[in-house]
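What follows is a set of notes on a single structure, which appears directly below.
The values are calculated or read from the model by the stated rules, or taken from the named source; none is laboratory data. Not measured: the values here are computed from a predicted model. Glycine also receives a Cβ, built like all others from the backbone with ideal geometry; neighbour counts cover every protein chain displayed. Heads up: the accessible areas ignore ligands, DNA and RNA and are worked out on the full protein's heavy atoms, side chains in. Shrake-Rupley method; radii C 1.70, N 1.55, O 1.52, S 1.80 Å.
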Amino acid sequence: MAPPPAAQAVAALLLAALLALASSHAAAATGVFQVHRKFRRAAGEEGGNITAHLAHDVSRRGRLLDAVDVPLGGLGLPTDTGLYYTKIEIGTPPKPFHVQVDTGSDILWVNCITCDKCPHKSGLGIDLMLYDPKGSSSGSTVSCDQPFCAATYGGKLPGCTASLPCEYSVMYGDGSTTTGYFVSDSLQYNQVSGDGQTRYGNGSVTFGCGAQQGGDLGNTNQALDGIIGFGQSNTSMLSQLAAAGKVKKIFSHCLDTITGGGIFAIGEVVQPKMKSTPLIPNMPHYNVKLKSIDVGGTALQLPSHIFETGEKKGTIIDSGTTLTYLPELVYKEVMAKIFAKHQDMTFRSIQDFLCFQYHESVDDGFPKIIFHFENDLGLNVYPHDYFFQNGDNLYCVGFQNGGLQSKDGKDMVLLGGHYFSAHEGFFFLKKICLSCHCLFLSDLVLSNKVVVYDLENQVVGWADYNCSSSMKVKDDKTGAAYTVDAHNISSGCRRQWQKFLVLLVTMVCSSLIF
């Protein structure tokens, strides 16, 4: 049945705007970390069962685990810093390092004293630090014949001798790279000890000592000391601390896009209560099963293959990404429904984003979207979530057409995840779909919600929440539930970054006028 004339008009209007956009592209312990957001995802990271025997022993004797408070900073809006990060302390004596938080990659790495092309200053107003293995009495280099290295690479490396370090190399989705070698040292974190209170906890972890950075990792505009991956691999910091009996393999975040920062904790969340959906087994990322999509209370009529799961297809949750990527077919259907009541809307492209002027409340004028997942878990996405404001009464769409990101991205859905690079005076999206047919859920749609990744039970869940408030996590050692408060360790840095953005916007607007 042919669509009504009104729908055809909206579709034609959107198609014209999208074509204009496309032409511009040229083709345990409960621990708390204060997190700031920055968006990069690693391609093809895998790790072996590094600490299986230790984990088995810990489980036999029972675990009394801490909760950890991870202080957050940053703001994951494209018009702000576009990232979340946290501060950790490494070494003896401990020294502070600011690292980007990323659920789409696994390893922790920081820039090393011998690093080539590492930034020495940051546009975020952060004092950068270089890690010196020789400057820490507890630090040591991991050789290629040690169990960690063999487990990471699935066996002993050819030509390995005890005198050779265990090297690593990671390429992220935006083409940035980091290479170096693994070291082990003491990591200090904030162990929850009472309501809004912490004391120092520590554990030994193996992480990357970055010797050379490529791509945007060498830029100064949004430079940090490194990246901390919260993926499922045994090489992750979380997996190592859990195997050592320090923490539970559970973490959660609540990303605040209103004031910045938010809540990030390691440990079991007891308040708020929420439903969960199972993770797809044997997948490298946080894959979940999407069942249907509602826009304005009406289910979209989509082909069944859109909701299939498997290698290079399905739905991925990635807090390392800012925008949400939809398969091309889904994207067109969603956009047509969103703007169905605004046929006279005029669109314009601003730095690859589809934008428009609107002088009323977007929550009153546009529909709510619900993504429905297995086990009757719904993800509510409100207009203020999928639009972001880019000036007075100017709004841009946070949904992206996966079909424009690569030739194989037309059937991809990515909920969450974002990373931007500062280039030629403004931000350019660098997301790459690596030959997958997936839906990606990103920070914009996961913001202002508590999201819990329970890797012990292989489920993920979420609930709408005020991320500038607090939540309760369980301390296994005492059985008590303690309050973990929101943090924004970047408030001072954010003011400096906003001044930089104002200057950039002024320069762009001036060039458009003249």
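Under 10 Å from the Cβ of Ile90, count the other residues' Cβ atoms, weight Lys and Arg +1, Asp and Glu -1, and hand me the total.
With Lys, Arg at +1 and Asp, Glu at -1, the neighbours total -2.
Order Thr259, Thr315 by their accessible area, 1.4 angstrom probe, all chains in place, largest first. It would help to have the intermediate numbers written out before the result.
On the way: Thr259 70, Thr315 5 Å².
Descending accessible area places them as Thr259, Thr315.
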Checklist outcome for this item: With 0.36 nm assigned to each residue of separation and the Cα-Cα distance removed, His359 to Thr309 gains 13.9 nm
Item to check | Net +/- balance of residues flanking Lys368 in space, Cβ distance below 10 Å, scoring K and R +1, D and E -1 | outcome: -3
Checklist outcome for this item: Residues whose modelled amide H sits under 5 Å from the amide H of Gln212, counting only those 5 or more places away in sequence or on another chain, are Asp116, Thr179
Next on the checklist: Just to make sure I understand: if all protein chains stay in place, what is the order of Ser193, Ser490 by accessible area at 1.4 Å, largest first?
Outcome noted: Ser193, Ser490
Item to check | For peptides 145-152, 292-299, 128-135, sequence by mean Cβ density within 10 Å, most packed first | outcome: 145-152, 128-135, 292-299
Checklist entry - FRET efficiency for Lys289 and Met129, Cβ-Cβ distance as r, R0 = 41 Å, nearest 0.05? => result 0.50
Checklist entry - How much accessible surface does Phe373 have with a 1.4 Å probe, in Å² rounded to 10? => result 10
Next on the checklist: Please report the net charge: other residues with Cβ closer than 14 Å to the Cβ of Val288, K and R +1, D and E -1.
Outcome noted: -1
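Does the range 141-287 come out rounded, prolate or oblate by the C-alpha gyration tensor, with a ≥ b ≥ c the root eigenvalues, rounded set by a/c under 1.5 and, if not, prolate when a/b is larger than b/c and oblate if not?
prolate
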